[in-house]
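Visitor: My questions all concern the structure below.
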Amino acid sequence: MGVSGDMQDRTKSMLKIVPGFAVAVAIALVSRFIEGLLPIHLIGASVIALFIGMAVNAFWRPAALAPGLTFTSKKVLKFAIILLGASLSVGTILTVGRMSLTVMCFTLLACFGVGYPVGRALGLNWRLSNLISAGTGICGGSAIAAIAPVIDAEDSDIAYAMSATFLFDMAMIVLFPIMGRWLNLSDMAYGLWSGTAVNDTSSVVAAGYAFSEAAGDFATMVKLTRTLSIIPTVLVFAFINIRLKQKQAAAQGGESAAVGGKVSFRSLFPWFIVGFVGLAAVNSFGVIPASVSHGAKELSKFLMVAALAAIGLNTSFKEMKKSGVAPMLHGFIISALVVVVAITVEYCMGIV
């Protein structure tokens, strides 16, 4: 009876997940379809799904969807991040070269070094501030999605960070080719600049190929290398969040909590990162077949779209309004800084 009862409870729990998960998947399918209709990839399916979810939430969101939306925005998102590791390879760094890594190191330092004090000055919580910096410095929505569960970010923080990076990307798709020609950049210099300064992959592709085919090819390779920085960034934020939780627990429970070890590393460490890093390492050695790696990447991208649809369905425009324009201003400042830092480093290296 005990075993049978547990099975029934699990079945009921799984059935409760189905409605919310099904709605998130449906929105993801619609978003991918809309993305495919666009003559130029100006906007990715993940951003479309986020905004559709938020729009639906404003008019319709029955309580029956809640368990499935929570499952999709948390569990499914983590699984998607693990799968993403199968498409990353350290060998990509060697393909693009040390030149692009130098520029990326400076842009990442600018993002997180300046982003934190700017966020504090604007009154943003550290989670939202760093999500915006990660989206700007690494790879838009993928970086935001990867770091969010590590730092226990709220759905509203994720939505705001995605919106801030997306709006700047839309402007850069139009302005980057104009500025590149005005600066008389070569295809390689422009590809390196757009690959390190534009956020989302679809936006990098759009901005790159708008200049030339060679610039687009190089910008895409730079963007793939840039994605690899997700790994150390996620690990750093995992450690920071663990330390913050330990300090909080010690403050609430007194010295006994800190000394007695009630808050353990094992219980706080986000173990899905192990799967993510492990798959990336295995793929670096060429163990995973190209077809499997490609399939894992496509499935990961779709599940991320579904997760962002769920996040959108959990996010209210009214709640976002409470944060005011500060997150958008933060995104603009950091994005503009990255643009300037990237081209300045190129000039200093003699690439331009």
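The values are calculated or read from the model by the stated rules, or taken from the named source; none is laboratory data. Quick caveat, the model's predicted, so the values are computed rather than measured. Using ideal geometry, Cβ is built from the backbone for each residue, glycine included, and neighbour counts are taken over all protein chains shown.
Visitor: Of these, MET179, MET172, which one is surrounded by fewer than 18 Cβ atoms within 10 Å (Cβ to Cβ) and closer than 20 Å to THR107 by Cα? Working first, answer last.
Guide: Working: MET172 fails: surrounded by fewer than 18 Cβ atoms within 10 Å (Cβ to Cβ).
Being surrounded by fewer than 18 Cβ atoms within 10 Å (Cβ to Cβ) and closer than 20 Å to THR107 by Cα holds for just one of MET179, MET172, which is MET179.
Visitor: In the range 177-231, how many residues are in contact (Cβ under 8 Å) with a residue 60 or more places away in the chain and within 29 Å of PRO149 (Cβ to Cβ)?
Guide: The qualifying residues number 21.
Visitor: Looking only at the range 325-342, how many residues end up being at pLDDT below 85 and surrounded by fewer than 20 Cβ atoms within 10 Å (Cβ to Cβ)?
Guide: Matching residues across the range 325-342 total 3.
Visitor: Could you please let me know if ALA214 is out of contact with any Leu (no Cβ under 8 Å at 6 or more places or on another chain), aliphatic (A, V, I, L, M), part of a helix (DSSP H, G or I) and crowded, with 24+ Cβ neighbours inside 10 Å?
Guide: Details: out of contact with any Leu (no Cβ under 8 Å at 6 or more places or on another chain): yes; aliphatic (A, V, I, L, M): yes; part of a helix (DSSP H, G or I): yes; crowded, with 24+ Cβ neighbours inside 10 Å: no.
Answer is no for this residue.
This table checks each residue for (1) acidic (Asp, Glu); (2) modelled with pLDDT under 75; (3) surrounded by fewer than 18 Cβ atoms within 10 Å (Cβ to Cβ); (4) in contact with a His (Cβ under 6 Å, 6 or more places away or on another chain).
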residue: ALA24; (1), (2), (3), (4): no, no, no, no
residue: ILE34; (1), (2), (3), (4): no, no, yes, no
residue: LEU38; (1), (2), (3), (4): no, no, yes, no
residue: ILE52; (1), (2), (3), (4): no, no, no, no
residue: ALA63; (1), (2), (3), (4): no, no, yes, no
residue: LYS78; (1), (2), (3), (4): no, no, no, no
residue: SER89; (1), (2), (3), (4): no, yes, no, no
residue: ARG98; (1), (2), (3), (4): no, yes, yes, no
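Visitor: For the range 127-205, which fully contained helices (runs of 4 or more DSSP H) count at least 3 residues that are aliphatic (A, V, I, L, M) and touching a Gly at 6+ places or on another chain (Cβ under 8 Å)?
Guide: Details: elements: 141-147, 155-182, 187-197.
Hits in the range 127-205: 155-182.
Visitor: For the range 107-157, how many residues are among the β-branched types (Val, Ile, Thr), at pLDDT below 85 and closer than 20 Å to ILE343 by Cβ?
Guide: Looking only at that region, the number is 2.
Visitor: Only residues that are among the hydrophobic types (A, V, I, L, M, F, W, C), at pLDDT below 80, closer than 30 Å to SER46 by Cα and part of a loop (DSSP other than H, G, I, E, B): list them for the range 241-299, please.
Guide: Residues satisfying the conditions are PHE269, TRP271.
Visitor: Let me ask something else. Mind checking whether some residue in the range 224-233 is charged (D, E, K, R), modelled with pLDDT of 70 or more and under 18 Å from the mean Cα position of the chain (by Cα)? Walk me through it before giving the result.
Guide: Narrowing the range 224-233 to residues charged (D, E, K, R): 226.
Those still in the list that are modelled with pLDDT of 70 or more too: 226.
So of that shortlist, the ones also under 18 Å from the mean Cα position of the chain (by Cα) come out as 226.
Yes, the conditions are met somewhere in the range 224-233.
Visitor: Which of the following residues is polar (S, T, N, Q), closer than 28 Å to GLU298 by Cβ and more than 20 Å from the chain's Cα centre (by Cα): SER100, SER87?
Guide: Details: SER87 fails: more than 20 Å from the chain's Cα centre (by Cα).
When all the criteria are applied, what remains is SER100.
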